[in-house]
């Protein structure tokens, strides 16, 4: 029976109001996440650095809100881990969308792609070897139940003395 892979959820970017600054609660409503998630993302993504007011309140600019929306899209809609999303944002690259760019579906034929394909083939071969080893371990007969030891230890016959010689 074939497993069905989960479909990527569509992600519609909400409209950002035309304001200079946004409080953390406003950004949380726009991004549809909790405020603690935004504070955590600030620790994980150095690009997300809102200004703070004199009272310590976070003041996000429009670019910060757009970045938070990008992080949410990468993590929630495209399935990136936080470290993967961080790499994508640091490189300024995004994965090509096959629906928008049909060329992205074609296999790579450029210079170093052969080396990359060799590395992928080597990794797959290694994984197969490990899976075969696991399968052989699982194919071994299951060990029987452990033997029970008696709870009472056998004592030598009493010699009548407290201190045996």
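Is there a residue in the range 105-113 that is assigned to a helix (DSSP H, G or I), modelled with pLDDT under 75 and surrounded by 10 or more Cβ atoms within 10 Å (Cβ to Cβ)?
To start, the set of residues in the range 105-113 that are assigned to a helix (DSSP H, G or I) comprises 105, 113.
Subsequent filtering for residues that are modelled with pLDDT under 75 retains 105, 113.
Filter once more, so that each one left must be surrounded by 10 or more Cβ atoms within 10 Å (Cβ to Cβ): 113.
Looking through the range 105-113, at least one residue is assigned to a helix (DSSP H, G or I), modelled with pLDDT under 75 and surrounded by 10 or more Cβ atoms within 10 Å (Cβ to Cβ).
With respect to the numbered conditions (1) at pLDDT below 90; (2) surrounded by 12 or more Cβ atoms within 10 Å (Cβ to Cβ); (3) not in a loop (DSSP other than H, G, I, E, B), which one is the sole condition not fulfilled by residue 96?
Answer for residue 96: the failing condition is (3).
Which residue out of 69, 89 is surrounded by 10 or more Cβ atoms within 10 Å (Cβ to Cβ) and at pLDDT 90 or above? Break it down into steps so the answer makes sense when it comes.
Working: 89 fails: at pLDDT 90 or above.
Result: 69 is the single residue among 69, 89 that is surrounded by 10 or more Cβ atoms within 10 Å (Cβ to Cβ) and at pLDDT 90 or above.
Any chance you could count how many residues in the range 41-81 are free of Cβ contacts under 8 Å to residues at least 24 places away in the same chain, in a helix (DSSP H, G or I) and in contact with a helix residue (DSSP H, G or I) (Cβ under 9 Å, 6 or more places away or on another chain)?
Step one: list which residues in the range 41-81 are free of Cβ contacts under 8 Å to residues at least 24 places away in the same chain, which gives 42-43, 46, 48-49, 52-56, 63, 67, 70, 74-75, 80-81.
Going one step further and asking which of them are in a helix (DSSP H, G or I), we end up with 42-43, 63, 67, 70, 74-75.
Narrowing further to those that are in contact with a helix residue (DSSP H, G or I) (Cβ under 9 Å, 6 or more places away or on another chain): 67, 70, 74-75.
Number satisfying all stated conditions: 4.
Please indicate, with yes or no, whether at least one residue in the range 4-18 is surrounded by 12 or more Cβ atoms within 10 Å (Cβ to Cβ), at pLDDT 90 or above and assigned to a loop (DSSP other than H, G, I, E, B).
For the range 4-18, residues surrounded by 12 or more Cβ atoms within 10 Å (Cβ to Cβ), at pLDDT 90 or above and assigned to a loop (DSSP other than H, G, I, E, B): absent.
The values are calculated or read from the model by the stated rules, or taken from the named source; none is laboratory data. Note that the structure is a prediction, hence the values are computed from the model and not measured. For neighbour counting, all protein chains shown are included, and Cβ atoms are generated from backbone atoms with ideal geometry for every residue, glycine included.
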